[in-house]
Amino acid sequence: MKTLLCIIAAMPLLLTGCLAEMVAQRNMNRMEVQRQQDLEARRQYLTAHPDLDISLKWDVEHGTQTLDQIESFRVRRAEFLHKQYTARKKYTTDHPALTEEFRHAIMMGDVVPGMSSEDVLASWQTDEWKLGGDTNFNGVKISEWKLGNTIVTFNGDIVFSVSHIRL
């Protein structure tokens, strides 16, 4: 009889423990379902956007950012690149005397020897370049401009050297 009373007295505790375990299991199942849905959404996003660069693909695959954040960045980047393209196109159209080599380099965002400083600025389409230094050599001004891993050396106002540094 005592055993039966002990069991009856312990029933609420057992039920509470079982109920808590059931709730915890249900929450774990929901979290797993949500995780699987998120993985599937990320797979679909990668399939729908094969043009993503490697860092954005990594972010999508590893969930370091939400898909909304990645999409927002991708859209802003596309707008930025379009703005650069439009400005480069306008510059090359407004300067018909440019050689085909210079026109192509500007449209690609590159720099080649013989370009003027104005051509370089039109090609780079940014104010983030840095002046590496100015030197006067036999009355000729030698300047260096740096942008990222590119160093452009000018003789007067004309590019005479372009170097790409491996980082």
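The values are calculated or read from the model by the stated rules, or taken from the named source; none is laboratory data. The shown structure was predicted, so the numbers you read here are calculated from the model rather than taken from an experiment. With ideal geometry, Cβ positions are generated from the backbone for all residues, glycine too; neighbour counts draw on all protein chains shown.
Data overview
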quantity: Residue in the stretch 55-62 that is within 23 Å of Thr126 (Cα to Cα), modelled with pLDDT under 85 and assigned to a helix (DSSP H, G or I) present; calculated: yes
quantity: Whichever residue in the stretch 153-167 is under 31 Å from the mean Cα position of the chain (by Cα) and in contact (Cβ under 8 Å) with a residue 40 or more places away in the chain and, among such residues, is surrounded by the fewest Cβ atoms within 10 Å (Cβ to Cβ); calculated: Ser161
quantity: Whichever residue in the stretch 117-143 is over 30 Å from the mean Cα position of the chain (by Cα) and on the phi < 0 side of the Ramachandran plot and, among such residues, is modelled with the lowest pLDDT; calculated: Phe137
quantity: Among the residues listed as Lys130, Lys89, Lys57, the single one being of a type in the set (D, E, K, R), outside the structural domain of Thr153 (by TED's automatic domain parsing) and under 30 Å from Asp157 (Cβ atoms); calculated: Lys89
quantity: The lone exception for Val111 - which of (1) surrounded by 15 or more Cβ atoms within 10 Å (Cβ to Cβ); (2) assigned to a helix (DSSP H, G or I) it fails; calculated: (2)
quantity: Gln69 in a helix (DSSP H, G or I), out of contact with any Ser or Thr (no Cβ under 7 Å at 6 or more places or on another chain) and at pLDDT below 85; calculated: no
quantity: So Arg88, is it surrounded by 12 or more Cβ atoms within 10 Å (Cβ to Cβ), touching a helix residue (DSSP H, G or I) at 6+ places or on another chain (Cβ under 7 Å), closer than 25 Å to His164 by Cα and basic (Lys, Arg); calculated: yes
quantity: Residue among Ile106, Ile142 that is part of a helix (DSSP H, G or I), surrounded by 12 or more Cβ atoms within 10 Å (Cβ to Cβ) and hydrophobic (A, V, I, L, M, F, W, C); calculated: Ile106
quantity: Subset tally (residues that are free of Cβ contacts under 8 Å to residues at least 12 places away in the same chain and closer than 20 Å to Asp119 by Cβ) for the stretch 134-152; calculated: 2
